[in-house]
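The values are calculated or read from the model by the stated rules, or taken from the named source; none is laboratory data. Quick caveat: nothing in here was measured; it's all calculated off a predicted structure. Cβ coordinates were reconstructed from backbone atoms using ideal geometry, including for glycine residues, and neighbour counts include every protein chain displayed.
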Amino acid sequence: MQAEIVTTAFSNKDIPPPGIPEVVLAGRSNVGKSSLINKLAGKKGLAKTSSTPGKTQSINFYRFNRAFFIVDLPGFGYAKVGKSASAAWKRLIEAYFRDRSVISMVLHLVDARLQPTKLDLELSEWLDFLEVPRLVVATKADKLSGNEKVNQQRIISSAFGGKPVILASAVTGIGCKEIWIRMVESASSASSVE
């Protein structure tokens, strides 16, 4: 497995021109995007993790096996940043999605322990509007009991109109194999269309 960080974009001009397929990780601050990247890569320090919400303030491009990028978007929600920084993040993310033909899918990350929030539902509606293929991934599932997993998977799926939900954990690795398969299939399909 080859995995490396290639680009860190703090503004529109830093976003690289479209090339290989991109799998995008989107979700609230502190939902575990960076931890999931590290687990998928099999490298602990590839993506910087922090217990402080909003640590990722840039769009980070990680190249996997030279075949596709995993693109880590800044988290949204309760990040401890001012309104001007939050508005700048929003503009950066919107600019990224605009005219980005190489996005093969979005992994919409939510916290498995919680009901989807208003912000989660707004992101879902926005991705529907953009007509971007996506997979709902409920992170931190290792913190749930067996019964809680079943209940939360049903609750989260229902909140997103019956979309399938993969329960995942960057600690135990549950769900990661299925996520990996879906990413590779998505990137391969996008490559064959080009």
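Here is how the numbers come out for the structure above:
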item: Residue within segment 35-51 that is in a helix (DSSP H, G or I), at pLDDT below 95, basic (Lys, Arg) and exposed (fewer than 13 other Cβ atoms within 10 Å of the Cβ) present; result: no
item: All positions within segment 137-176 that are surrounded by fewer than 18 Cβ atoms within 10 Å (Cβ to Cβ), in a helix (DSSP H, G or I) and of a type outside the set (A, V, I, L, M, F, W, C); result: Asp142, Lys143, Gly146, Asn147, Glu148, Lys149, Asn151, Arg154, Ser157, Ser158
item: Residues of segment 88-136 satisfying the condition of being without any contact (Cβ under 8 Å) to a residue 12 or more places away in the chain, more than 25 Å from Cys176 (Cβ to Cβ) and of a type outside the set (D, E, K, R); result: Ala88, Trp126, Phe129
item: Checklist (1) farther than 13 Å from Leu109 by Cβ; (2) in contact (Cβ under 8 Å) with a residue 40 or more places away in the chain applied to Glu148, failing item; result: (2)
item: Filter pass, Ile179 being over 24 Å from Glu94 (Cβ atoms), within 13 Å of the chain's Cα centre (by Cα), assigned to a helix (DSSP H, G or I) and not aromatic (Phe, Trp, Tyr); result: yes
item: Count - residues of segment 18-34 that are touching a helix residue (DSSP H, G or I) at 6+ places or on another chain (Cβ under 6 Å) and in a loop (DSSP other than H, G, I, E, B); result: 1
item: Arg134 vs. criteria over 20 Å from Val24 (Cβ atoms) and of a type outside the set (S, T, N, Q); result: no
item: Number of the condition not met by Leu119 [criteria: (1) assigned to a helix (DSSP H, G or I); (2) out of contact with any Gly (no Cβ under 7 Å at 6 or more places or on another chain)]; result: (2)
